[in-house]
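These notes concern the structure reproduced below.
The values are calculated or read from the model by the stated rules, or taken from the named source; none is laboratory data. Just so it is clear, the structure is predicted and the values come from calculations on it, not from any experiment. Cβ sites come from the backbone with ideal geometry, for glycine too, and all protein chains shown count toward neighbours. With ligands, DNA and RNA removed, areas are computed over all heavy atoms of the protein, side chains included. Shrake-Rupley method; radii C 1.70, N 1.55, O 1.52, S 1.80 Å.
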Amino acid sequence: MTEVRKLYDANTDLSSPCGCGRHRTQHEHDHDARNDANSNDAQVLGSQAIESAMVRALFPADGMRRRFLKAVGANTAMAAIASVLPIGAMQALAQDKRPLEKKDLKIGFIPITCATPLILAHPLRYYAAEGLNVEVIKTAGWALIRDKVLNKEYDASHFLAPMPIAITMGVGSNAQPMNVATIQNINGQAITLANKHKNSRDPKQWKGFRFAVPFEFSIHNFLLRYYVAEHGLDPDKDIQIRVVPPPEMVANLRAGNIDGYLGPDPFNQRAVFEEVGFIHLLTKELWDGHPCCSFGAPTAFIKEAPNSFAALFRAVLKGAALARDPKNRKTIAESIAPANYLNQPVSVLEQVLTGRYADGLGNVKNDPSRIDFDPFPWYTMATWILSQMKRWGYIKGDVRWKDLTEQVYLLTDARRHMAALGHKPPAENHKKIIVMGKVFDHNAPDAYVASFAIKRV
Amino acid sequence: MSAESFLIAEALAKKFPGGRGKPDLTVFDDVHFSIEKGEFVCIIGHSGCGKTTILNVLAGLDSATAGNVVMDGREVAGPSLERGVVFQGHALMPWLSAKKNVEFAVRSRWPDKSKKEIDEHCQRYLDLVGLTGSEHKKPSELSGGMKQRVGIARAFAIEPKMLLLDEPFGALDALTRGNIQDELKKICAATHQTVFMITHDVDEAILLSDKIMLMSNGPKARIAEIVVNTLPKERSRETLHKEPHFYAIRNHLVDFLVSRSKRFSEELPAGYDARNPPLVMPGVETQPEPPQPKAEVPHPEKAVVVNFR
Amino acid sequence: MGLKAGALSLVIFLFFLGIWHATTVTPARSGGALTEYEQLMGKSAGKQDGLPTPAQMGSAVKKHLSDPFYDNGPNDKGIGIQLAYSLMRVGAGFLLAALVAIPVGFFIGMSPLLYRALNPFIQVLKPISPLAWMPLALYTIKDSATSSIFVIFICSIWPMLINTAYGVASVRRDWLNVARTLEVGVFRKAFQVVLPAAAPTIMTGMRISMGIAWLVIVAAEMLVGGTGIGYFVWNEWNNLSLTNVIFAILMIGVVGMVLDLMFGVLQKFVTYVE
């Protein structure tokens, strides 16, 4: 999208004769466009052409466009223009008829409720409606998801929101550019403690506890660290944090290998159902609206098969839209419960999805926003994730906050596809984030990291 | 020893390097002998004198540290189908039936023969050793004697120029041994087979052989003397002990094994010539005529008196 | 005797079932309406606590075995299909291992020099847990299906290699001497003397390898997932369904036994009595 960004760049001269402003003559432009088309970039170029045509229509005089952009800033301009013109819809329309580069696709997933949108798209035939033959494949753990994506066994996959950032940077694996298309779910995680700790609800009593998280590069790890650190415990010294695949968390809790976990549902509710643990708190109590999982793909795949990827994008967005509606939650619980998907008792999934649940301490709680499926990949979320990776020493040195964030999270594409589907995407690129009462300023992440007492910087 | 002998062994020695500064171990040294075509030669001596090594050298399975063996004008440089070996422990392949064991050998000898020819050939030799009816049994289903018969059939079936038998009947009971000895004698007589055989059994040696080589004790064993069997060719086990010189020969052999073999190795008797070990004919005063290569051979009895008082 | 032993087996089995039933059966809940909390905790539906009773187990076995080849998509297939996948992987890995181990073992066994040269490598590689190879295999092979076959390969190669080398090296000197005196050629000696002589030892190695391969495939599939009996166990563990896990254990045992019996028959076929 960098080319399109140029349109919104106050310093670019758009008065060139060609459509995109990159070339001195229309001939040169066509030549490049053909080359680009050969490299399967046709879709991107097509959408750029539409967007650029519109910007030029709005600001026929180049000087005026520049003044406007200088005054309001590029991002605001983009959003403003998008809000008055159905750019996304027009682009989507222009792309609808494009042939799919690859029809048989494999998508990996971890059997947790976070994966609901991409799973739902399967039984509801959203993938099929896009002309895709998608296999959604249950996978044993996040490390395996990473390896299978890197090995190209999966074309696209369910990821934890931080994973594509970590893989793109080559932290914890080989570097390979990844993209996040949509967030799968927000909230929907919890801290579960073993029943024997019913009287140790204050984190200050947790010294020496062993906790499980699903993966190092997970919101779970970062939230657990944040939470205990806010209570004065150093997560690297005062407690033990282990990586345990979500499906194995309940078994480990029962066996007494761990004292608790910050894990994905349904395994929090399942621990309650099995009477081995109780829900200490829902993560939405720490950060309401935090992202958990995402749907993404290697950048290479998106380049090679832009139309197939766009089709996947739309199908998953449709799945998310369906899952957002509280009316549908009971039906969803039933449709993702079978062995082919989550392989869980319907009752457990229902409690997670409807938010009316037993907490394991004898109470019935009601929290309809226990989990939600807002797909919009806010840049702020990625920046916050990076801030925590920096805070806990997973990345060292200076961080290219903005570049990385905007490279990995495909916010504009999500907005475009959502608009095309009539899902009313937000116009802003950033959202206010408050974690345990502390506001995160995405413009000053370094100061944010520095502000914490316990950190590994 | 005539240059025309069928097999000539010259100056054979076997040494093993002594480890860590110890002197070399010489098992036998300066061993000379010859075997004529059609002759049945036995070699007797205590364990450790290197009999089996000598046999293996003749077979080409082992090589001597010094000396050489020439058979039928050609030097023995390795194993060959021209020399059939009957091994001490029969060495039958247990996964093959009696007939297949023989067949394995026959096919090696004549790879181009038809299946039918090979089958008939094998059957002939199995019949010869009296195994008719047991051809398809595995070695494990055969008695010790029968196994050794298969071994003999296998060695004979390739029709070698010479047969080497390494104490073939040692593990058999007396009755079985007697029977097979008779058969072996019959077959050898019929085929004029040249045979070199190791045995511990004095009676067996007297029954079967034309010539008995006596080896002194190791280390540094040598052929102390060669006893010529003066009993008539047509001897049999039943009447053997009635032959006039039988006890003379037998006592001579036993005496050698019991006492002289040790003394010999402690001190070589004066006048002993390893290239020409003394020929003796116990019970016979006169010098034997036919196997007399050289004039300088001392009187056997006298030699005994002189050397082994 | 056989009949008596059979009857005794049956009595032991029934006794075992009785104990099992007595220890697992839970008294029916006394009447009265459930509170919402109890409902949410799954008290109403016959939720299974802990180990299944023999009856529950029996019906699970019946359910799985009555439709062993159903296919409800990539993550839910019948037990027959899962076993077939596992057997295919084991077969492929095992066969590859045999193709490498037996010839190499042959050379090692024939040549004391090679034996001494390769021995340190074998000794270092042999004790490595097969699953420890998995991350390396995934990284280098870049394919999870091939990786699990590789893991089977690497774990089943050692017993075959070592046994072949040992079997070949300890072929009786006499038989080799027989072959030498008969001027038997190299290939004929290898195939008609050494191979049959070493066959029982080689077959023992293969039998051990197959046992290990079958143990490892379950673990490998639990790690890699996708298909196979190991994935089935993992998927049911995921659901904390002890009944299905026990059923899978049963099937793993039965198939393992059948494989072992097959190799037992093969072994009998090549064994000779000296």
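Residues of segment B:158-206 that are part of a helix (DSSP H, G or I), open to solvent by less than 10 Å² (accessible area, probe 1.4 Å), touching a Lys or Arg at 6+ places or on another chain (Cβ under 9 Å) and within 28 Å of C:V184 (Cβ to Cβ): B:I180 alone. Filtering segment B:83-119 to residues that are in a loop (DSSP other than H, G, I, E, B) and more than 9 Å from every other protein chain (Cβ to nearest Cβ) leaves B:S97, B:W110, B:P111, B:D112, B:K113, B:S114. The residues of segment C:241-274 that are β-branched (V, I, T) and either at the interface with chain A (Cβ under 9 Å from one of its Cβ atoms) or part of a helix (DSSP H, G or I) (or both), listed by number, are C:T243, C:V245, C:I246, C:I249, C:I252, C:V254, C:V255, C:V258, C:V265, C:V270. In this structure, A:Y394 does not qualify as open to solvent by less than 60 Å² (accessible area, probe 1.4 Å), more than 15 Å from A:Y226 (Cβ to Cβ), aromatic (F, W, Y) and not assigned by TED's automatic domain parsing to the domain that holds A:P235. You will find that of A:A358, A:A297, A:A310, the residue that is in the same structural domain as A:F159 (by TED's automatic domain parsing), in contact (Cβ under 8 Å) with a residue 24 or more places away in the chain, open to solvent by less than 30 Å² (accessible area, probe 1.4 Å) and more than 18 Å from the chain's Cα centre (by Cα) is A:A358 and no other. Each residue in segment A:400-445 was checked for being open to solvent by less than 20 Å² (accessible area, probe 1.4 Å) and closer than 30 Å to A:H231 by Cα, and 5 of them qualify. Restricting attention to segment A:130-143, which residues are more than 10 Å from every other protein chain (Cβ to nearest Cβ) and part of a loop (DSSP other than H, G, I, E, B)? Once the filter is applied, which keeps residues that are more than 10 Å from every other protein chain (Cβ to nearest Cβ) and part of a loop (DSSP other than H, G, I, E, B), segment A:130-143 yields A:E130, A:G131, A:L132.
Do we find a residue being touching a Cys at 6+ places or on another chain (Cβ under 9 Å), open to solvent by less than 70 Å² (accessible area, probe 1.4 Å) and not basic (K, R) anywhere in segment B:251-259? Within segment B:251-259, none of the residues are touching a Cys at 6+ places or on another chain (Cβ under 9 Å), open to solvent by less than 70 Å² (accessible area, probe 1.4 Å) and not basic (K, R). The residue list C:T140, C:T164, C:T204 contains one member that is open to solvent by 10 Å² or more (accessible area, probe 1.4 Å), among the β-branched types (V, I, T) and modelled with pLDDT of 90 or more, which is C:T204. Considering only segment C:156-172, I want to know if a residue exists there that is part of a helix (DSSP H, G or I), charged (D, E, K, R) and within 14 Å of chain B (Cβ to nearest Cβ). No, segment C:156-172 has no match at all. The residues of segment A:156-169 that are within 14 Å of A:F309 (Cα to Cα) and either surrounded by fewer than 24 Cβ atoms within 10 Å (Cβ to Cβ) or away from every other protein chain (no Cβ under 14 Å) (or both) amount to a single one, A:A156. When segment C:173-193 is limited to residues that are within 9 Å of chain B (Cβ to nearest Cβ), part of a helix (DSSP H, G or I) and of a type in the set (A, V, I, L, M, F, W, C), the one that is surrounded by the fewest Cβ atoms within 10 Å (Cβ to Cβ) turns out to be C:W175. Residues in segment A:231-249 that are within 25 Å of the chain's Cα centre (by Cα) and either polar (S, T, N, Q) or part of a helix (DSSP H, G or I) (or both): A:P246, A:P247, A:E248, A:M249.
Could you pull out the residue among A:I371, A:I454 that is of a type in the set (V, I, T), under 21 Å from A:L322 (Cα atoms) and surrounded by 13 or more Cβ atoms within 10 Å (Cβ to Cβ)? Step by step, each of A:I371, A:I454 is checked, and only A:I371 is of a type in the set (V, I, T), under 21 Å from A:L322 (Cα atoms) and surrounded by 13 or more Cβ atoms within 10 Å (Cβ to Cβ).
Conditions (1) more than 24 Å from A:D374 (Cα to Cα); (2) not acidic (D, E), marked per residue:
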position: A:D104; (1), (2): yes, no
position: A:P111; (1), (2): no, yes
position: A:I119; (1), (2): no, yes
position: A:A129; (1), (2): no, yes
position: A:E153; (1), (2): yes, no
position: A:M163; (1), (2): no, yes
position: A:M169; (1), (2): yes, yes
position: A:Q176; (1), (2): yes, yes
position: A:I183; (1), (2): no, yes
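Yes or no: A:P345 at pLDDT below 90, at negative phi and within 14 Å of chain C (Cβ to nearest Cβ)? The answer is yes for A:P345. Just to verify a result, which residue in segment A:144-155, among those that are touching a residue at least 40 places away in the same chain (Cβ under 8 Å) and either under 17 Å from the mean Cα position of the chain (by Cα) or facing chain C (nearest Cβ under 7 Å) (or both), is most open to solvent (accessible area, probe 1.4 Å)? The residue in question is A:E153. Is it true that A:F273 is surrounded by 21 or more Cβ atoms within 10 Å (Cβ to Cβ) and either over 15 Å from A:Q189 (Cβ atoms) or in the same structural domain as A:T113 (by TED's automatic domain parsing) (or both)? Judged against the criteria, A:F273 is a match. Of the residues A:I241, A:I219, the single one that is of a type outside the set (F, W, Y), in contact (Cβ under 8 Å) with a residue 24 or more places away in the chain, touching a His at 6+ places or on another chain (Cβ under 8 Å) and away from chain C (no Cβ under 14 Å) is A:I219.
Being open to solvent by less than 50 Å² (accessible area, probe 1.4 Å), part of a helix (DSSP H, G or I) and either within 30 Å of C:P74 (Cβ to Cβ) or within 14 Å of chain B (Cβ to nearest Cβ) (or both) is a condition met by no residue of segment C:119-129. Pairing residues of segment C:5-18 that are within 23 Å of C:L51 (Cα to Cα) with residues that are open to solvent by less than 70 Å² (accessible area, probe 1.4 Å), at Cβ distances under 8 Å and at least 6 apart in sequence or on separate chains, gives C:L17/C:P54. Taken over segment B:128-151, the residue count meeting the criterion of being among the β-branched types (V, I, T) and away from chain C (no Cβ under 13 Å) is 2. In summary, A:N328 fulfils each of the numbered conditions (1) away from every other protein chain (no Cβ under 14 Å); (2) under 27 Å from A:N133 (Cβ atoms); (3) surrounded by 19 or more Cβ atoms within 10 Å (Cβ to Cβ) with the single exception of condition (3). Inside segment B:37-56, residues that are within 13 Å of chain C (Cβ to nearest Cβ) and surrounded by 22 or more Cβ atoms within 10 Å (Cβ to Cβ) make up a count of 1. Scanning segment C:226-240 for residues that are free of Cβ contacts under 8 Å to residues at least 24 places away in the same chain and of a type outside the set (D, E), we see that the one that is farthest from the other protein chains (Cβ to nearest Cβ) is C:V233. In the set (1) without any contact (Cβ under 8 Å) to a residue 60 or more places away in the chain; (2) farther than 30 Å from B:E103 by Cβ, C:A219 fails one condition alone, (1).
Would segment A:284-293 turn up any residue that is part of a loop (DSSP other than H, G, I, E, B), under 20 Å from A:K138 (Cα atoms), open to solvent by 10 Å² or more (accessible area, probe 1.4 Å) and in contact (Cβ under 8 Å) with a residue 12 or more places away in the chain? Among the residues of segment A:284-293, not one is part of a loop (DSSP other than H, G, I, E, B), under 20 Å from A:K138 (Cα atoms), open to solvent by 10 Å² or more (accessible area, probe 1.4 Å) and in contact (Cβ under 8 Å) with a residue 12 or more places away in the chain, which makes the answer no.
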